[in-house]
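Visitor: Here's a structure for you.
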Amino acid sequence: MDGVSDDVAVGGLDTPVGRISVAVTRDGLAAVGWGRRPASGRLPVVDDAERLALVLGQLTEYFAGRRQDFDVPIDWRYVPGSASAVVLRTLHETVGYGSSVTYGQLADRSGTGIPARAIGGIMGANPIPIVVPCHRVLASDGLGGYSGGSGGNGLEVKRWLLTLEGVLPPTFDWSPAGLTA
């Protein structure tokens, strides 16, 4: 950093998988979460619609099926642990829209020496889901878990995102308008 104290702009968006909130520092997207407000740490919150516009616009396009790649700057400083940051950067850079990877494949690909069983914990702690697509990381025998969403519907959110991206075929009750009750 250049000695300027950092702050965060916080905004939200209603999506087919629930309310998404984002936190954007001067350096880029720092957090995505479900609900009213993502954790912004100890940073002061500022009102900065211009800073939020790119991120919220690209998320809107993604959920409408009009965007496959995010090109927003990411502030990696708030990813806990340097090995976790390497794994998440590897995921972000190598697992594109419409594809998936297993926990073991991501462990190998990252070159960190982190075992596959620990990758799930890193995905669960990902502060930037959707943009850093932890929903694309699967267990070798099925979907695995997903901590995104609210009210315990994480696995349904993961399934919905993977269906939107064409990784999974739509089921009779899948709707592009959102999760069905």
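The values are calculated or read from the model by the stated rules, or taken from the named source; none is laboratory data. Here the structure is a predicted model, which is why all the values come from computation and not from measurement. All Cβ positions, even for glycine, are placed from backbone atoms using ideal geometry, and neighbour counts span all protein chains on display.
Visitor: So is PRO170 outside the structural domain of ILE122 (by TED's automatic domain parsing), touching a helix residue (DSSP H, G or I) at 6+ places or on another chain (Cβ under 8 Å) and either touching a residue at least 60 places away in the same chain (Cβ under 8 Å) or on the phi > 0 side of the Ramachandran plot (or both) or not?
Guide: When the stated conditions are applied, PRO170 does not pass them.
Visitor: Let me confirm something: among LEU106, LEU59, which residue is in the same structural domain as ARG19 (by TED's automatic domain parsing) and either out of contact with any Cys (no Cβ under 7 Å at 6 or more places or on another chain) or among the aromatic types (Phe, Trp, Tyr) (or both)? Outline the logic, then answer.
Guide: Details: LEU106 fails: in the same structural domain as ARG19 (by TED's automatic domain parsing).
Exactly one residue qualifies, and that residue is LEU59.
Visitor: Follow-up question, since we're still on this one. For ARG109, are the conditions met, namely being farther than 22 Å from LEU29 by Cα, of a type in the set (D, E, K, R) and touching a residue at least 12 places away in the same chain (Cβ under 8 Å)? Spell out the reasoning first.
Guide: Numbers: farther than 22 Å from LEU29 by Cα: yes; of a type in the set (D, E, K, R): yes; touching a residue at least 12 places away in the same chain (Cβ under 8 Å): yes.
It is true that ARG109 is farther than 22 Å from LEU29 by Cα, of a type in the set (D, E, K, R) and touching a residue at least 12 places away in the same chain (Cβ under 8 Å).
Visitor: Name the single residue, out of those in segment 35-80 being free of Cβ contacts under 8 Å to residues at least 24 places away in the same chain and assigned to a loop (DSSP other than H, G, I, E, B), that is surrounded by the fewest Cβ atoms within 10 Å (Cβ to Cβ).
Guide: Once the filter is applied, the top-ranked residue is ARG42.
Visitor: Also, quick follow-up: Looking only at segment 81-111, filter to residues that are assigned to a loop (DSSP other than H, G, I, E, B) and not aliphatic (A, V, I, L, M); which one of those is surrounded by the most Cβ atoms within 10 Å (Cβ to Cβ)? Steps first, please.
Guide: Here is the first cut: in segment 81-111, the residues assigned to a loop (DSSP other than H, G, I, E, B) are 81, 95-100, 111.
Next, from what is left, pick out any that are not aliphatic (A, V, I, L, M): 81, 96-100, 111.
Working: GLY81: 12, GLY96: 13, TYR97: 15, GLY98: 12, SER99: 12, SER100: 18, GLY111: 10.
Top of the filtered list is SER100.
Visitor: Out of the residues in segment 143-159 that are over 15 Å from VAL131 (Cα atoms) and touching a Leu at 6+ places or on another chain (Cβ under 6 Å), state the one that is surrounded by the most Cβ atoms within 10 Å (Cβ to Cβ). Break it down stepwise before answering.
Guide: Quick first cut of segment 143-159, residues over 15 Å from VAL131 (Cα atoms) only: 143-145, 150-156, 159.
Remaining after also requiring touching a Leu at 6+ places or on another chain (Cβ under 6 Å): 144, 156.
Numbers: GLY144: 18, GLU156: 16.
Filtering first and then ranking leaves GLY144.
Visitor: Which of the residues that make up segment 123-165 are in a helix (DSSP H, G or I) and either under 14 Å from ALA31 (Cβ atoms) or under 12 Å from the mean Cα position of the chain (by Cα) (or both)? Break it down stepwise before answering.
Guide: Of the residues in segment 123-165, the ones in a helix (DSSP H, G or I) are 123-124, 134-136, 154-164.
Once the filter is applied, which keeps residues that are in a helix (DSSP H, G or I) and either under 14 Å from ALA31 (Cβ atoms) or under 12 Å from the mean Cα position of the chain (by Cα) (or both), segment 123-165 yields MET123, GLY124, CYS134, HIS135, ARG136, VAL157, LYS158, LEU161.
Visitor: For the list (1) farther than 22 Å from PHE70 by Cβ; (2) out of contact with any strand residue (DSSP E or B) (no Cβ under 9 Å at 6 or more places or on another chain), I need the number of the one condition that GLY124 fails.
Guide: Here GLY124 clears every test but (1).
Visitor: Additional query: Which one of the conditions (1) under 22 Å from GLY18 (Cβ atoms); (2) of a type in the set (Val, Ile, Thr); (3) modelled with pLDDT of 95 or more does THR94 fail to meet, given that it meets all the rest?
Guide: (1)
Visitor: In the set GLY28, GLY33, GLY113, GLY104, which member is in contact with a helix residue (DSSP H, G or I) (Cβ under 9 Å, 6 or more places away or on another chain) and modelled with pLDDT under 95? Outline the logic, then answer.
Guide: Values: GLY28 fails: modelled with pLDDT under 95; GLY33 fails: in contact with a helix residue (DSSP H, G or I) (Cβ under 9 Å, 6 or more places away or on another chain); GLY104 fails: modelled with pLDDT under 95.
Being in contact with a helix residue (DSSP H, G or I) (Cβ under 9 Å, 6 or more places away or on another chain) and modelled with pLDDT under 95 holds for just one of GLY28, GLY33, GLY113, GLY104, which is GLY113.
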